[in-house]
Amino acid sequence: MPYNRNNFNQQANRFKGFLQFFIGVAYLISGGFIIQKGWFFVQLEPYVSLSLGIVLILYGLFRMYRSYNIFKEKNESS
């Protein structure tokens, strides 16, 4: 079977999109955990845990948005 570079690139982009989506979900869960428990390797002050949790949630949403753009670009180029 001959090597198809274009097919490999499409599969790599698809994997990258899935990976970024699941990393974004992990950031969302981590942010929610930090807000709820007030803990991140050490006990945190309430304002610190809220701030860190919000930053992680926003970053998780950003990662998920980037994965959406990867899938959208893939579908438009196909």
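Here is the figure for the range 23-37: residues that are farther than 21 Å from Arg66 by Cα and either surrounded by 17 or more Cβ atoms within 10 Å (Cβ to Cβ) or among the charged types (D, E, K, R) (or both) total 3. Please work out if Arg14 is of a type in the set (Lys, Arg) and in contact (Cβ under 8 Å) with a residue 12 or more places away in the chain. Spelling it out, Arg14 is indeed of a type in the set (Lys, Arg) and in contact (Cβ under 8 Å) with a residue 12 or more places away in the chain.
Among the residues examined, Ile35 qualifies as in a helix (DSSP H, G or I), of a type outside the set (Phe, Trp, Tyr) and touching a Gly at 6+ places or on another chain (Cβ under 7 Å).
Close contacts from the range 28-51, counting a first residue that is at positive phi and a second that is surrounded by 14 or more Cβ atoms within 10 Å (Cβ to Cβ) and modelled with pLDDT of 90 or more, with Cβ to Cβ under 8 Å and a gap of 6+ residues or different chains, come to Gly38/Ser49.
The values are calculated or read from the model by the stated rules, or taken from the named source; none is laboratory data. Values in this document were obtained by computation on a predicted structure and should not be read as measured data. Here the Cβ is made from the backbone with ideal geometry for all residues, glycine too, and neighbour counts use every protein chain on show.
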